[in-house]
Amino acid sequence: MDPAPVDSTPVPSVSALSVLDLIPVRTDQTSADAIAASTRLAQTADELGFRRYWIAEHHNMPAVASTTPPVLLALLASATQQIRVGSGGVMLPNHAPLAVAEQFAVLEAAFPGRIDLGIGRAPGSDPVTSHMLRSGAAQGSSSVDTFPDDVRDTIELMSPGGMVLDLRGRSYPLRATPHATSAPETWLLGSSMYSAQLAAALGLPYVFAHHFAGQGTREAMQTYRAAFRPSEHLAEPKTFGIINAVVAETAEEAERRALPYIRSMIRLRTGQGLEPQELVEDAEREGIAPEHAGIAQAIRGSWAIGTPDVAAAKVRELAEMVRTDEIMISPVSSAYVGSDPRRVETREETLRLLAGALLPGSLLPR
């Protein structure tokens, strides 16, 4: 077996931070509350000079409200000034490529130069929900089998020139929007070698899901860089890293705030249903069962939990592994009993403290 290629890409210092948001729903929140809290979090990231704010796509999960990225991105782009907003990602097998292209072409027209389209291959839901999502689509809708072609079609449809179909010898022009002057930046997302190889073959920016995969990041990035083919979209490999983070003034408070999400991930990995995210005090009463201690340790091993200095060191470690100057933070801090349901100040604090430790020049006056 040949050894993995050696990545000689220079390792720059972290100069850009971004945010990944699943719009978590706590036990004390409605969907409206959770969306309001995420809107405030996006505004915080914008004020702090973060580069991007991405929304994931998940369906039929009591703990997650990020079901429709394009709708949410329109809301967040309207509520912010400079930050790029995007999908992390749209699960293309759930949708017809033309529908995705139209949605993101409209977003780019409304907010030119601020839209990212991150595309994933996973369903982001259970099999029944996936079937319901796809059953209403037109015949020939997207599936994992046609994923590479669907990615190409989506990108081409969003371009100013659109695409031309050959219908029995006749040319049929098809565009996502009538007169585009720019297109969203398209990224390929994944947690496997398949996605790394496809992104390299298509010459697209690529992001590996380190925040939930935890392992395989270095190998995926080496594969992507070694196999990358320049394209009209991108001249050289482009990527960033993603990490779950909980940052507080003290290590003890950071650990407390991380506990609800750790318990949620334990339930997920042990085949239990995902419930709305617990508040800190409720999670502390339940704790972690002794038989799940090993799972908890494995889950938190790749996270950035602790004081600003400790968390910043973990972020720099990931930046060195991925060999990039941009890291996307998934702030997984929960709230305390009695908190404002329309805001999650502990998530906002994670962004402020981490930006202060890594990008002190980007901070605006509080």
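Here are some notes:
- Share of carbon and sulfur in the accessible area of region 70-179 stands at 56%, probe radius 1.4 Å.
- Within-11-Å neighbourhood charge of Arg316 [Cβ basis; K, R +1; D, E -1]: -3
- Across region 68-138, the relative contact order, built from alpha-carbon pairs under 8 Å that are at least six residues apart, equals 38 percent.
- Computed over protein heavy atoms with a 1.4 Å probe, the carbon and sulfur contribution to the accessible area of region 243-338 reaches 50%.
- Reduced Cα scattering model of region 12-124, Debye log10 I(q)/I(0), q = 0.15, 0.19 Å⁻¹: -0.63, -0.98
- Taking region 80-105 and a reference point 7 angstrom along Cα→Cβ of His131, no backbone N atom is nearer than 14 Å.
- Taking every alpha-carbon pair under 8 Å whose residues sit at least 6 apart, the chain reaches a relative contact order of 21 percent.
- Cβ-based net charge around Gly113, under 11 Å, with every Lys or Arg adding one and every Asp or Glu removing one: -1
- Extension gain from Leu167 to Arg152, taking 0.36 nm per residue of separation minus the Cα-Cα distance: 3.5 nm
- A 1.4 Å probe run over the protein chains yields, for the chain, 45 Å² of accessible area per residue, whole-number rounding.
- For region 250-366, the C-alpha radius of gyration divided by 2.2 N^0.38 Å, with N the number of residues, is 1.13.
- FRET efficiency for Asp145 and Thr270, using Cβ-Cβ distance with R0 set to 35 Å, rounded to 0.05: 0.65
- Working note: 222 nm ellipticity from helices only, DSSP H runs with n ≥ 4, each -39,500 (n - 2.57), summed and divided by the residues of the chain, gives -12500 deg cm²/dmol to the nearest 500.
- Average projection area in nm² (convex hull over Cα atoms of the chain, one quarter of hull surface): 19.9 nm²
- Here the average projected area of the convex hull drawn through the C-alpha atoms of region 166-290 stands at 14.0 nm².
- Peptides 324-334, 111-121 ranked from most to least packed give 324-334, 111-121, packing being the mean of other C-beta atoms within 10 angstrom over each peptide's residues.
The values are calculated or read from the model by the stated rules, or taken from the named source; none is laboratory data. Bear in mind the structure is a predicted one, so any value in this text is a computation, not a measurement. Glycine also receives a Cβ, built like all others from the backbone with ideal geometry; neighbour counts cover every protein chain displayed. Side chains are part of the model used for accessible areas, which takes the heavy atoms of the whole protein and leaves out ligands, DNA and RNA. Shrake-Rupley method; radii C 1.70, N 1.55, O 1.52, S 1.80 Å.
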